[in-house]
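Here the structure comes first, spelled out in C-alpha cells, and everything after it is commentary.
Since every read-out is calculated from the coordinates, none of them should be taken as a lab result. Every value quoted in this text rests on a predicted model; they were computed, and no experiment measured them. Using ideal geometry, Cβ is built from the backbone for each residue, glycine included, and neighbour counts are taken over all protein chains shown.
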Amino acid sequence: MEILAYAAFGLYVSIIAIGGVIAVAAGNLVRALVGLIMTLFGVAGMYLLMAAPVMAFMQLLIYVGAVAVLIFIAIMLVRTGPDGDETTSRSGRQILYALLGLAAPAVILSSVVVTNPVESFSTPTAVTVKELGKGLLGPYTLAFELISVVLLVAMAGAVLIAFERRISK
C-alpha cells in the first residue's frame, strides 16, 4: 500500500511540475493559464493524498473554478498579437536569471530539509467537516468576506477599464 502512496505522490508532483513548466514557458497567455490550471489540479490531488478531501474540493472550486475564470477574463481584456502570443521574446540573460531564481530557493530549502529531517506521522489526524468549518469561519469570517469583495472589485474594475478603452477608440 505504501508503494501506491509513493506512486500517487510522484504522479501529483509530476502534474504540478509539468503544469508549472507549461505556465512559465508558454508564450501564449491562454496556454500559460492551462498550465496553471494543471498545477492547481495537482495540488488538489496532493490534498486528497493527505486525506483532506474537503480542502481538495475547495481547491478545485475556488482556485480552478473561480480564480482561473477571473484570470481568463483578465487575459481576454489584455491586448496581444494577432495570434495571441506575447510580442516580446525572452533573452538569454532573462532565462539565466529565471534559472538562478529557481535554483536558489531549491538549494536552500533542500539543504534545510536534508540537515533537519522532520518526523512524519503514519496517519493524519481526522478532522470532521464541522470542525473544519468552525475553525475556518469562526475567527476568519471577515477575511473570507473581504477576499470575495476584493475579487468582485477586481473583476468590475477590469470590465470598466476594458469598456473605457473600447469607447475611447
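Points worth noting:
- In nm, spacing of pseudo-spin labels at V67 and L146 (7 Å Cα→C-beta vector): 1.8 nm
- Label-to-label distance, nm, for residues given as L109 and Q94 (7 Å Cα→Cβ offset): 2.4 nm
- Choice from I147, I16, I37 showing the highest fluctuation, given a GNM over the chain with Cα pairs closer than 10 Å: I147
- Residue among V34, V153, V43 with the largest mean-square fluctuation in a Gaussian network model of the chain, springs linking Cα atoms under 10 Å: V153
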